[in-house]
Amino acid sequence: MDHDLPTPLAPLRQDPSSSGIFTDFDGTLAPIVADPASAVAVPGVADLLGELALHYRIVAVISGRPVSFLSPQLPPAVVVVGLYGLEVRRDGTVHVDPTAEEWRSVVEETAQRCRDGVPPGAVVESKGLSLTLHYRTAPDAEAQVMALAEEVGATSGLVVRPARQSVELHPPVESDKGTALRAIGSGLRAACYLGDDLGDLSAFRALDEMDAEGAATARVAVASDEAPPALLDAADVRVDSPEAAATLLRGLLP
């Protein structure tokens, strides 16, 4: 199947034992849906990741979702990084960043403020250590949702991050998909990352750093009408759907 695998990904399959596969979840492994709670990975991809984990040094899903949401959908051999690195499930154990833990009560209080003030149709998703305000189901409310996020962020101390048809509020902790990737991917000779949104750019930049250190790296963008141009421009490879991303991952099997 060598002819099916894009050239930038070839070094991973040549030496799986020293390579890492990293991927986002929503919009990358799972189609975007109106109800965030109903998101599921495309059929067969969880088993595929588990099979890849038998061969590669590390296979990890790095997401803005909490570990509690991701874990039931992913096999134990897959490292699960939740909330942009604030939570990590590895070898059956979940580690929570202790600095972020101090913000749990602030996040819950802020989530309640947002539930009280969010415009009709918008959804408040509390994740324990962060929260997301979704306006996919109320696109006309984007400006109101963003203004609410900025207001509660300023008074609570939480950091505001725009995302895909949503806005997130996080503890002021130095953690993103890039720092998470570097933390769990040290010493790799080859690595790839698959993503679809602005938050995935930090993971692409982490691969840039690894590339400068001599690793072979590949950035894969899952394209859509909502994909940010900056992500598409930074990608080495583009695919057009989570199903196509799964097909690409299958090509990494030795």
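Read-outs: derived from the displayed coordinates by stated rules, not from any lab. What you are looking at is a predicted structure, and each value in this text was computed from that prediction instead of being measured. Here the Cβ positions follow ideal geometry from the backbone for every residue, glycine too, while neighbour counts run over all protein chains shown.
Annotations for the structure displayed:
- Rg then Dmax, both in Å and based on the Cα atoms of segment 61-138: 13.9, 42.
- Taking θ as phi - 60° and the Karplus parameters 6.51, -1.76 and 1.60, the scalar couplings of segment 28-36 work out to 10, 9, 10, x, 5, 10, 5, 9, x Hz in sequence order, x denoting glycine and proline.
- GNM top mover of ALA41, ALA147, ALA244 - the chain, alpha-carbon springs below 10 Å: ALA147
- Residues whose amide H falls under 5 Å from that of SER166, counting only those 5 or more places apart or on a different chain, are TYR135, with hydrogens built in the peptide plane.
- In order along segment 42-50, the Karplus-derived 3J(HN,Hα) couplings, from 6.51 cos²θ - 1.76 cosθ + 1.60 at θ = phi - 60°, round to 4, x, x, 6, 5, 5, 4, 4, x Hz, and Gly and Pro are given as x.
- The GluC sites (Glu not before Pro) of segment 137-183 that DSSP puts in a loop, and whose beta carbon has at most 13 other beta carbons within 10 Å, are GLU174.
- Amide H contacts of LEU252 (H built 1.01 Å from N, in plane; Pro and chain starts excluded): no residue 5 or more places away or on another chain comes under 5 Å.
- Database remark: amide H of ALA218 closer than 5 angstrom to the amide H of ALA191, CYS192, TYR193 (H placed geometrically; neighbours at sequence offset of 5 or more, or on other chains; Pro and chain starts carry no H).
- With the convex hull constructed from alpha-carbon coordinates only, the chain shows a mean projected area of 12.7 nm² over all directions.
- Neighbour-count order for ILE62, ILE21, fewest beta carbons within 10 angstrom listed first: ILE21, ILE62
- Distance from the alpha carbon centroid of segment 11-73 to that of segment 132-160 works out to 28 angstrom.
- Here segment 100-170 is treated as a Stokes sphere of Kirkwood radius computed over C-alpha pairs; at 4 °C and 1.567 mPa s its diffusion coefficient rounds to 111 µm²/s.
- A simple rule links phi to the HN-Hα coupling: the Karplus curve 6.51 cos²θ - 1.76 cosθ + 1.60 with θ = phi - 60°, which for segment 71-80 gives 3, x, 9, 10, x, x, 6, 8, 6, 10 Hz, with x for Gly and Pro.
- Gyration tensor verdict on segment 22-158 (Cα atoms; rounded if a/c is under 1.5, prolate if a/b is larger than b/c, oblate otherwise): oblate
- Relative exposure of ASP24, ASP97, ASP211, judged by other C-beta atoms within 10 Å (fewest first): ASP211, ASP97, ASP24
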